[in-house]
Amino acid sequence: MWGYQTLQAAYNNCVIGPIMHQRRYVDSKEIVTVRSISGDLDIPSKIRCKCFFYRQLHSIGPLHLNKQRLPWVTCEPTSLKLETPQILAFYSPIYRSSFHLHVFLISLFFISEALISQKLWRREKKEMMGSDPLSQTKPIPIPTQEEESSSQSAALLSFNTDSSFDPSAKESSSKPSTTIIFIALILLTCIALSAAFAFAFLFYSSSSSSSSSSPASSATEHSLSRPLKKLEKPVVLLVSSDGFRFGYQFKTPTPNIHRLIDNGTEAEMGLISVFPTLTFPNHYSIVTGLYPAYHGIINNHFLDPKTGEFFTMASHEPKWWLGEPLWETVVNHGLKAATYFWPGSEVKKGSWNCPEKFCMNYNGSVPFEDRVDTVLSYFDLPSSEIPVFMTLYFEDPDHQGHQVGPDDPEITEAVARIDRMIGRLIDGLEKRGIFEDVTIIMVGDHGMVGTCDKKLIFLEDLASWIEIPAEWVQSYSPLLAIRPPPGYAPSDVVAKMKEGLESGKVENGKYLKVYLKEELPSRLHYVASDRIPPIIGLIEESFKVEQKRTKRKECGGSHGYDNAVFSMRTIFIGHGPQFARGKKVPSFENVQIYNLVTSILKIQGPPNNGSSAFPVSILLPSQ
């Protein structure tokens, strides 16, 4: 399984990876950690790192996992099976050797000093004994030749043993010995201090080199937003690549996406989708700042229990779409907006009437190039006519992900195609001299995970405990939603389903957890709507629920799982005058994007589930 890893320095929490399944050098610190983003972490052979302090290549290893030393990562390819998110520690040999050298020299200094002190103490004692009248009456043993030889070899500072017994020589030998002792102490002290300074230099130089070479330096992070050069007012272009799982940007060379990353602000470990991690709920959360329970689009397909009507992705009646999307907010402030495909944009609601030429009805057959060129054409309008908010939507790589899963070569090609579209967009903006003026926010709506028929849970297997008719089920996978008819208490249905799933007699039953919606984890924010069925089943990543067994066999990809699952994360990249260059920010939920856009456009939107303080943590302050 393709694995993406990020090296992270333990001292300054600065990301300096990633490692890919290619022979690519990465910058390393003395101690770095690598976090696994997928369940399988493949460590390629011959991983090496560039150390700032020596400006040459050194191996990262050895590898330690749970305090157990494993083979060096520079030897043979090593494959580890990890439970996300385990942390592996890589210790740079430079750091270790420098530390050991430092300790050795300091230890040598103190040992030598102790030996010298002991020798001086013995000499002084002998001299005192020689001047003591009582000691003169005692015989002084004369050492044998063997003792004399061993004494000369054992003593550090005794050069003539005979002189110690010659009273006339005592005074003459005292001065040279003292001078030699003093010189030795000075030399050892200098060696120890030099080692200490060298170690300190190695320790701090990499940190300073990293901060000076990184685009996201502290000076940049605290600088002011850049002034517009050609446009009269801020313009935000919101680009969505459907199903762009976080990490796809490293599957293949993506120079255009990485140009935005390197010169903009990126969610370091991806953008967190809202639950359920499906296309329509998430796209509408991005433009309203509301969780699905509050904006009404609780699934791609669902039933309104009050009216008995069904919602589909072709439903454009305003009654389904609650909240105030960004295009409506913009128009409310007397400004212009344009949407080239976005769930909900065709809905005529409030002040938004989906104006012709500025609001495209969805048509998946329109080439991606035509979509980009149409958006670029808006910038050829007179300044007062240029929309200040625009959307641009691509179906890829979600389309391929459902067919072949996230690890197929088709995904690689789809990602490369999206990168070419971003390059086409950048080129068009540069030709118009407005690339640095336009704020581009590139996002996805969710991630993707591989699924296969061997990971199935069948509701018919619960028949010994309770019958779940197909008519009760509004959604099977990857979100199980059940609405029992009147006369069946949802709590009783949940209790019996749990009993069966936990019995060990239902195949893969342990991978399905059923809840009353009121008992779902509060972090999911999936309760405050009558449209949400009373019984919700959370399915383990990559598993599926089906009504009964069939002979149909298929493997592909899916999404919609718990948004805490890392494979459901997508990307966030912000590039423009108010985004710092090369900045990495912690992951955040996509409901924060609404307030981010209104802050850039300097307009006020209605209250929502995002934080009003969030834009301050992301954007550069205005001049």
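Of all residues in segment 464-483, those that are farther than 18 Å from residue 511 by Cα and free of Cβ contacts under 8 Å to residues at least 40 places away in the same chain have Cβ atoms under 7 Å from Cβ atoms of residues that are of a type outside the set (Asp, Glu) and assigned to a loop (DSSP other than H, G, I, E, B), 6 or more apart or on another chain, in 472/483; 472/484. All told, residue 437 meets the bar of being outside the structural domain of residue 535 (by the TED database) and surrounded by fewer than 22 Cβ atoms within 10 Å (Cβ to Cβ). In segment 503-526, the count of residues that are outside the structural domain of residue 571 (by the TED database), open to solvent by less than 10 Å² (accessible area, probe 1.4 Å) and closer than 23 Å to residue 591 by Cα is one or more.
Restricting attention to segment 246-284, the residues that are open to solvent by 10 Å² or more (accessible area, probe 1.4 Å) and not aromatic (Phe, Trp, Tyr) total 15. Residue check: residue 520 meets all listed conditions (1) at pLDDT 95 or above; (2) in contact with a helix residue (DSSP H, G or I) (Cβ under 9 Å, 6 or more places away or on another chain) but one, namely (2). For segment 300-341, the set of residues classified as open to solvent by less than 30 Å² (accessible area, probe 1.4 Å), closer than 19 Å to residue 356 by Cα and either assigned by the TED database to the domain that holds residue 484 or in contact (Cβ under 8 Å) with a residue 40 or more places away in the chain (or both) consists of 325, 326, 327, 329, 330, 337, 338, 339, 340, 341, listed by residue number.
Of all residues in segment 521-580, those satisfying the criterion of being under 18 Å from residue 244 (Cβ atoms) and assigned to a strand (DSSP E or B) are 556, 557, 558, 570, 572, 573, 574, 575.
Determine, yes or no, whether residue 611 is open to solvent by 40 Å² or more (accessible area, probe 1.4 Å), more than 19 Å from residue 335 (Cβ to Cβ) and among the hydroxyl-bearing types (Ser, Thr, Tyr). Taking the combined requirement at face value, the residue satisfies it. Which residues, taken from segment 285-294, are outside any loop (DSSP other than H, G, I, E, B) and either within 24 Å of the chain's Cα centre (by Cα) or closer than 14 Å to residue 523 by Cα (or both)? Listed by number, the residues that qualify are 285, 286, 287, 292, 293.
Scanning segment 500-511 for any residue that is under 27 Å from the mean Cα position of the chain (by Cα) and of a type in the set (Phe, Trp, Tyr) turns up at least one such residue.
The values are calculated or read from the model by the stated rules, or taken from the named source; none is laboratory data. On a predicted model such as this, the values are computed, not experimentally measured, just so you know. Cβ: placed from backbone, ideal geometry, glycine included. Neighbour counts: every protein chain shown. Please note that ligands, DNA and RNA were not included when accessible areas were found on the heavy atoms of the full protein model with its side chains. Shrake-Rupley method; radii C 1.70, N 1.55, O 1.52, S 1.80 Å.
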